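Values in this text are rule-based calculations from the coordinates and carry no lab data. Please read these numbers as outputs of a predicted model, since none were measured by experiment. Backbone-built Cβ (ideal geometry, glycine too); neighbour counts: all protein chains shown.
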């Protein structure tokens, strides 16, 4: 830093300070540091939003499978069923399970509404379901659920699959 001494006459009064060029260099440097910090902050915020959306989407897909497997109400899950049937519809499928107490419980996937609903009672199991499959096999059901979410410019798609053994199935 260059210091200048300015003499204001015969009194010997002196002042020192920064030149205009030095002040401009400091301001430009400070501006570049602020731009770098803002870019870092913006990138971190975007990464946070994407991770948050992925976690919410993953949670919803996992919760949907959990609600179908274990049920929303007691003995309404397919895991406690004694038998199951699956039929395709024009807009999805219907998975009907006969519970251990003999009551039929149906899970209805509607791709137009993007929902899976539990009947009776029309309780929503999951929303934003872009695709779902239910395939009956010997002694069990293979379930797959794809949940899509879009928030602003961010979108997330998670697919989860599980195989469920009908533990009370009569052979």
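Of 69, 26, 105, the residue with the greatest mean-square motion in the GNM of the chain, using alpha carbon springs below 10 Å, is 26. With each label modelled as a point 7 angstrom along the Cα→C-beta vector, the residue 32-residue 144 pair spans 5.3 nm. Taking the number of Cβ atoms within 10 Å of each Cβ as an exposure proxy, the fewest-first ranking of 70, 109 is 70, 109. With 5 Å bins beginning at zero, the pair-distance distribution over Cα atoms of segment 16-100 amounts to 3, 11, 10, 10, 9, 7, 7, 6, 6, 5, 5, 4, 4, 4, 4, 3, 2, 1, 0 %.
Each of 62, 87, 76 was scored by other Cβ atoms within 10 Å of its Cβ. Listed from fewest to most, they are 87, 62, 76. Structure remark: mean-square fluctuation, Gaussian network model of the chain, C-alpha springs under 10 Å; the largest value among 21, 33, 50 belongs to 21. The residues 100, 82, 68, when put in order of fewest to most other Cβ atoms within 10 Å, stand as 100, 82, 68. Taking max minus min of the alpha-carbon positions on each principal axis, the chain gives extents of 114, 29, 28 Å, largest first. Largest mean-square fluctuation among 113, 136, 34, in a Gaussian network model of the chain whose springs join Cα atoms under 10 Å apart, belongs to 34. Contact order, relative form, for the chain: 18 percent (alpha carbon pairs under 8 Å, 6 or more residues apart, mean separation divided by residue count).
The long axis of helix 20-70 is offset from the longest Cα principal axis of the chain by roughly 10 degrees.
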